[in-house]
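Asker: The structure's right below; bear with me while I get my questions together.
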Amino acid sequence: MTTEELLNSGKLYKVWELTNDEGDYYKYLQMMEEYNNAGYTPEGEEKKRRILNELFAEVGEGSYLQAPYHAMWGGHHVHLGKNVYLNFNATLVDDANIYIGDGTMIAPNVTIIAASHPISPKLRAEGYGCNEPVYIGKNVWIASNVTILPGVHIGDNSVIGAGAVVTKDIPANVLAVGSPGRVLREIGPDDDVYYMHGKLISENLV
């Protein structure tokens, strides 16, 4: 089994043994540090673009990641579709793959976790961990301070309310809130008429 297969298999493995054996692991972290320190000059933005395309597994056209961000593998196992936006202080525990679909918006201080540890104190003391990939669909909005746990799938067009802890799958076209995250309602025709607690969209578009 390759390192990539093991990381995404759900099997138990000794985390630090694997990361210490992975020659490029610290290179990825150094690249993340360079990204976070590149600044907002035209030269800095071009440097960030180059780093992101080299460091992440996939970066679709028009995607952008605000610095600073934090990632266990620097983002090396993160797949961004087109026009994805991640705001400040994204934390990506990317020991396994994290997939984020086209047009998805992620607010500040969101944590997406693809890694876990066994409950067994004995196994944790021996350094074991396990991972499950996370899949976030297209045109999703994840509000601030959301935490998404390993193995979660979030369907297209859904909205995850601020502060939610998403522990299980969320279907497409719903609003989910709370801890643990639960579906509050479906997104429907009224959402094309009203926004922000009953304001008319037609009267407030500029």
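The values are calculated or read from the model by the stated rules, or taken from the named source; none is laboratory data. It should be emphasised that the depicted structure is a prediction, and the values quoted were computed from it without experimental measurement. Note: areas computed on protein heavy atoms with side chains; ligands, DNA, RNA excluded. Shrake-Rupley method; radii C 1.70, N 1.55, O 1.52, S 1.80 Å.
Asker: Looking at the stretch 110-126 only, could you name the residues that are part of a loop (DSSP other than H, G, I, E, B), over 11 Å from the mean Cα position of the chain (by Cα) and closer than 17 Å to residue 149 by Cα?
Answerer: 117, 118, 119
Asker: Does the stretch 83-100 hold any residues that are assigned to a loop (DSSP other than H, G, I, E, B) and under 27 Å from residue 6 (Cα atoms), and which are they?
Answerer: Within the stretch 83-100, 90, 94, 95, 96, 97 meet the criteria.
Asker: Can you tell me which residues in the stretch 164-193 are of a type in the set (Gly, Ala, Ser) and open to solvent by 30 Å² or more (accessible area, probe 1.4 Å)?
Answerer: Passing the criteria: 172, 179.
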